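Chemist: One structure, as structure tokens, below. Some questions next.
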Amino acid sequence: NSKALEKVCKAAERAQVDWLLIGGSIITNGNLDMCVEVAKKSCKVPVVLFPGNVMQVNTHADGILLLSLISGRNPDLLIGKHVLAAPTLKQSNLQILPTGYMLIDGGRTTSVSYMSNTTPIPADKPDIAACTAMAGEQLGLQLIYMDAGSGAIQHIPDSIIERVSKSVDIPVVVGGGIR
């Protein structure tokens, strides 16, 4: 709800976070628009979209992680959905951040693995994760985003974070399950 989001935004501002990421595997009932509007009014932290699908584009946000699910083999999430969003994004003033999205196994099926119909990178395979990140960087992606997905029971192992971070020269963002 908007009151809870206002509190989160104020806390984020006090904590000097760099971005507020808004989006996810599924947002319905106009909640995306409400979230962007409330966040923009509540604080000065840039609002960056983390779209779960092509319908999660809001031109009032500051930027968008143009997610390519490079850990999966679903062509729709590697390029197909990007083609559908391209005209809207081209006409917007959103800062577009080409992002390699890497889903790491979190111990059970998560929202993103279910919704994207993809298999996550095994949590005990840091070399696969590193090579995937390197390929994303070589394709021109500007950052790597890794998470285990909503509902994961295990966080991303430090060994994967360390290996990926040392393997690329672009920023690595780790989300989900941070406590």
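The values are calculated or read from the model by the stated rules, or taken from the named source; none is laboratory data. None of these values were measured; they are calculated from a predicted model. Neighbour counts are summed over all protein chains in view; Cβ atoms, including those assigned to glycine, are modelled from backbone coordinates with ideal geometry. To get the accessible areas, we keep the full protein, side chains included, count just its heavy atoms, and leave off ligands, DNA and RNA. Shrake-Rupley method; radii C 1.70, N 1.55, O 1.52, S 1.80 Å.
Chemist: Can you pull out every residue in the range 116-125 that is part of a loop (DSSP other than H, G, I, E, B) and modelled with pLDDT under 95?
Modeler: Within the range 116-125, the first condition is being part of a loop (DSSP other than H, G, I, E, B), and the residues that meet it are 117-120, 122-125.
Once the filter is applied, which keeps residues that are part of a loop (DSSP other than H, G, I, E, B) and modelled with pLDDT under 95, the range 116-125 yields ASN117, THR118, THR119.
Chemist: To continue, here is another question. Kindly indicate whether any position in the range 28-39 is open to solvent by 30 Å² or more (accessible area, probe 1.4 Å), closer than 24 Å to VAL173 by Cα and at pLDDT below 90.
Modeler: The answer is no; no qualifying residue exists.
Chemist: Another question about this same structure. Could you grab me the full set of residues in the range 117-148 that are within 15 Å of GLY72 (Cβ to Cβ) and among the small types (Gly, Ala, Ser)? Steps first, answer last, please.
Modeler: In the first step, residues of the range 117-148 are kept if they are within 15 Å of GLY72 (Cβ to Cβ); the result is 117-122, 125, 128-129, 131-133, 135-136, 139, 141, 144-148.
ALA129, ALA133, ALA135, GLY136, ALA148, listed by residue number.
Chemist: Of all residues in the range 131-172, how many are assigned to a strand (DSSP E or B) and in contact (Cβ under 8 Å) with a residue 40 or more places away in the chain? So that I can check it myself, show each step before the final result.
Modeler: Let us first name the residues in the range 131-172 that are assigned to a strand (DSSP E or B), namely 143-147, 172.
Filter once more, so that each one left must be in contact (Cβ under 8 Å) with a residue 40 or more places away in the chain: 143-147.
Total meeting the criteria: 5.
Chemist: Scanning the range 86-115 for residues that are aliphatic (A, V, I, L, M) and at pLDDT 95 or above, which turns out surrounded by the fewest Cβ atoms within 10 Å (Cβ to Cβ)?
Modeler: Going residue by residue through the range 86-115, those that are aliphatic (A, V, I, L, M) are 86, 89, 94, 96-97, 102-104, 112, 115.
Subsequent filtering for residues that are at pLDDT 95 or above retains 86, 89, 94, 96-97, 102-104.
Working: ALA86: 13, LEU89: 15, LEU94: 20, ILE96: 15, LEU97: 19, MET102: 26, LEU103: 25, ILE104: 28.
Within the range 86-115, the match that is surrounded by the fewest Cβ atoms within 10 Å (Cβ to Cβ) is ALA86.
Chemist: Testing ILE128 on (1) modelled with pLDDT of 95 or more; (2) assigned to a loop (DSSP other than H, G, I, E, B); (3) open to solvent by 60 Å² or more (accessible area, probe 1.4 Å), one condition comes back false. Which one is that?
Modeler: (2)
Chemist: Return yes when ILE64 is open to solvent by less than 50 Å² (accessible area, probe 1.4 Å), without any contact (Cβ under 8 Å) to a residue 40 or more places away in the chain and under 27 Å from GLN138 (Cα atoms) and no when it is not.
Modeler: Values: open to solvent by less than 50 Å² (accessible area, probe 1.4 Å): yes; without any contact (Cβ under 8 Å) to a residue 40 or more places away in the chain: yes; under 27 Å from GLN138 (Cα atoms): yes.
Spelling it out, ILE64 is indeed open to solvent by less than 50 Å² (accessible area, probe 1.4 Å), without any contact (Cβ under 8 Å) to a residue 40 or more places away in the chain and under 27 Å from GLN138 (Cα atoms).
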